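What follows is calculated from the coordinates using simple rules that are stated; it is not laboratory data. None of the values given here were measured: they were computed from a predicted structure. When we count neighbours, we look across all protein chains shown, and the Cβ atoms used for this are built from the backbone with ideal geometry, even at glycine.
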Amino acid sequence: MADSMKFDLVSPERSLASVAATEVRLPGAEGDMTVMAGHAPVITTLRPGIVRIMGDGTDLEFTVTGGFAEITGESCTVLAERSLPVQDMTQEHFDQMVAELRARHDEAMNQDLHGPAPELVKVLADMVAMGTHIGLDPTQANL
């Protein structure tokens, strides 16, 4: 395979993927990014979204609720807070993830009006957008 790199996706529960990839698309906290072999080394945070891995005969998609990506010229490792293959994501999983974020937001609002609550509003909006993108119903009211 031409110009491939090692890709690993790990969540606290399990290892979800370990494949050779030619391209990985990440939902970076500062914006989406595409990683290919030879990419400059970087560690970045992730927002809720879809991680897409492409390679020789490989086209995988995973939902992530956030986490970190460590990129070297030879590899890309994603440490996800929570992750599922897109085809395994159900409305029940999505509703649970949104409910957890809402609870974190409400707790932050009760503790400090100027602390992490505004950031959690953005994370919640990203989560709802991800669910809508994969065809799930964002029945949750906006904050």
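So here's what we get for this one:
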| read-out | value |
| --- | --- |
| Cα centre as origin, Lys/Arg/Asp/Glu Cβ charges: the stretch 5-86 dipole, Debye | 140 debye |
| DSSP-assigned coil residues among trypsin sites (Lys or Arg not before Pro) in the stretch 1-90, each with at most 13 further Cβ atoms within 10 Å | Arg14 |
| Footprinting exposure proxy for Glu107, Glu23, Glu81 (fewest neighbouring C-beta atoms within 10 Å first) | Glu107, Glu81, Glu23 |
| Residues Thr77, Thr132, sorted so that the one with the fewest Cβ neighbours within 10 Å comes first | Thr132, Thr77 |
| Estimated distance in nm for a label pair at Gln87 and Ala99, the labels positioned 7 Å out from Cα along Cα-to-Cβ | 2.8 nm |
| Chain lengthening between Val10 and Met109 when straightened (0.36 nm per residue, less Cα-Cα) | 32.6 nm |
| Relative compactness, the chain, computed as alpha-carbon Rg over 2.2 N^0.38 Å | 1.09 |
| Value of [θ]222 nm, deg cm²/dmol, for the chain, DSSP H segments ≥ 4, -39500 (n - 2.57) each, nearest 500 | -9000 deg cm²/dmol |
